[in-house]
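Reading through the structure tokens given below for one structure.
The values are calculated or read from the model by the stated rules, or taken from the named source; none is laboratory data. Model, not experiment: these values are computed from the prediction. Don't worry about glycine lacking a Cβ; one is built from the backbone with ideal geometry, like all the others, and counts go over all protein chains shown. The protein model used for the area step is the full one, side chains on, heavy atoms only, and it has no ligands, DNA or RNA in it. Shrake-Rupley method; radii C 1.70, N 1.55, O 1.52, S 1.80 Å.
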Amino acid sequence: MPPGRRLSFPRELVAGVSLSLSGRFQLQGEQAFRGLRLWADWVAGAGGLSLGPEGPRRPLRLHCLDDESRAARAEETVRHLLTYDRVDFLVGPYSSGLTEAVAPLVEARGKVLWNHGGASDAIFQPGGRRLVSMPSPASDYLRALPAWVRRHDPEARRLSILCAERGDFAGHVAEGAADGARAAGFDAIRRTPFASPLRDVDSLLAETAAFGPDLLVGVGSFRDDIELVRHRGRLPPTTRLAVVAAGLDAFHAELGQLAEGVIGPSQWEPGLEPTPRSGPDAAWFCAAFEATFGRRPDYPAAQAFALGVILVECVRRAGSLDDAALLRAAHALETTTFYGGFRLEPATGRQVGHRVHLIQWQASRKVRLSG
């Protein structure tokens, strides 16, 4: 090297993340963090992020702060990431409530919020937001379930929904289930709110049993759903039971035999999606995840990794780190990842290319319901 000449290295890009590594969303937050860590390794293996189809590649670093599952703390971590760390990309938290809390802060800075963990319909507003979202909206989680029940039991008419009062997410899941029930011909729909964390489960289920539901839907926190299923013996034996938490492997790990027959929504299950047009396939993702972390991935990990794939594709197409250009690229993008379809509704930014699966625990494994 000639005297006085300096070597020049490309500046690394930083993806800042606010995630629940403690508190009530720790289980899902840790899953998402593992998915993002694997994504960063995948980007490194490809030589970095490509700015443009033939553009230079830049190294990527993941920088994560614990939001402790609290909205106030999530706002603090996001401000820190944007103001002091000056991250290039802001990846949002897990949970709809935390995502709603930080979205205005990110938008006010002119940044895009890369959203893997917020599904409440309230997040998506007419006119759109500076938001790129992976998950299907909460109102779609159990919308198809009543029709499935009617196909298998044409006499089913009564739906009971036990719904946590706290937060928008539970309410939107409940509304979607009720809308699906009315469309399917249910003529008795009862919605009962409860305070989370759920305490007097016996009284709540005794009151529900007296209503005589053909289908019972529980929408609360992971712990709320676990408690409902623990006390399922108070329900009529013919009542079909669905809870949101059933989509997680941890649900069966904690409940064992009590989980059998319980139905739930899942944003992703391995092997159910077509060959992806963007990023690795499900076989690669599952094998790499298990090799790295010694456990199987759940959908929070899959949707976090898949969001990273979409981010990579938007950077490649935009050929820029400008957030407005990245948002335009995201709105123009229609593709598939191992997580499923990706397409944003222009008016609101809702994810409309992806679909939620209905699963049921049978013989200690999740089985997709169809027909």
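Entry remark, the range 116-147: residues being over 16 Å from residue 173 (Cα atoms), at pLDDT 95 or above and in contact with a strand residue (DSSP E or B) (Cβ under 6 Å, 6 or more places away or on another chain) number 2 in total.
Listed by position, the strands (runs of 3 or more DSSP E) inside the range 208-317 whose residues that are without any contact (Cβ under 8 Å) to a residue 40 or more places away in the chain and of a type in the set (A, V, I, L, M, F, W, C) number at least 1 are 240-243. Residues in the range 79-111 that are buried (at least 24 other Cβ atoms within 10 Å of the Cβ) and either of a type in the set (Ser, Thr, Tyr) or on the phi > 0 side of the Ramachandran plot (or both): 94, 95, 96, 99.
Of the residues in the range 55-77, not one is of a type in the set (A, V, I, L, M, F, W, C), surrounded by 14 or more Cβ atoms within 10 Å (Cβ to Cβ), in contact with a helix residue (DSSP H, G or I) (Cβ under 6 Å, 6 or more places away or on another chain) and in contact (Cβ under 8 Å) with a residue 60 or more places away in the chain.
All conditions in (1) at pLDDT 95 or above; (2) among the small types (Gly, Ala, Ser); (3) more than 18 Å from residue 150 (Cα to Cα); (4) in contact with a Lys or Arg (Cβ under 7 Å, 6 or more places away or on another chain) hold for residue 218, with the sole exception of (4).
Residue selection: residue 185 satisfies the criterion of being on the phi > 0 side of the Ramachandran plot, of a type outside the set (Lys, Arg) and touching a helix residue (DSSP H, G or I) at 6+ places or on another chain (Cβ under 9 Å).
Residue 155 falls short on exactly one of the conditions (1) outside any helix (DSSP H, G or I); (2) closer than 26 Å to residue 341 by Cβ; (3) in contact with an Asp or Glu (Cβ under 8 Å, 6 or more places away or on another chain); (4) at pLDDT 95 or above, and that condition is (2). Considered as a group, the residues in the range 334-352 that are touching a Phe, Trp or Tyr at 6+ places or on another chain (Cβ under 7 Å) and modelled with pLDDT under 95 include one that is least open to solvent (accessible area, probe 1.4 Å), and that residue is 349.
Being small (Gly, Ala, Ser), closer than 28 Å to residue 140 by Cα and surrounded by fewer than 23 Cβ atoms within 10 Å (Cβ to Cβ): is that true of residue 319 here? No, not satisfied.
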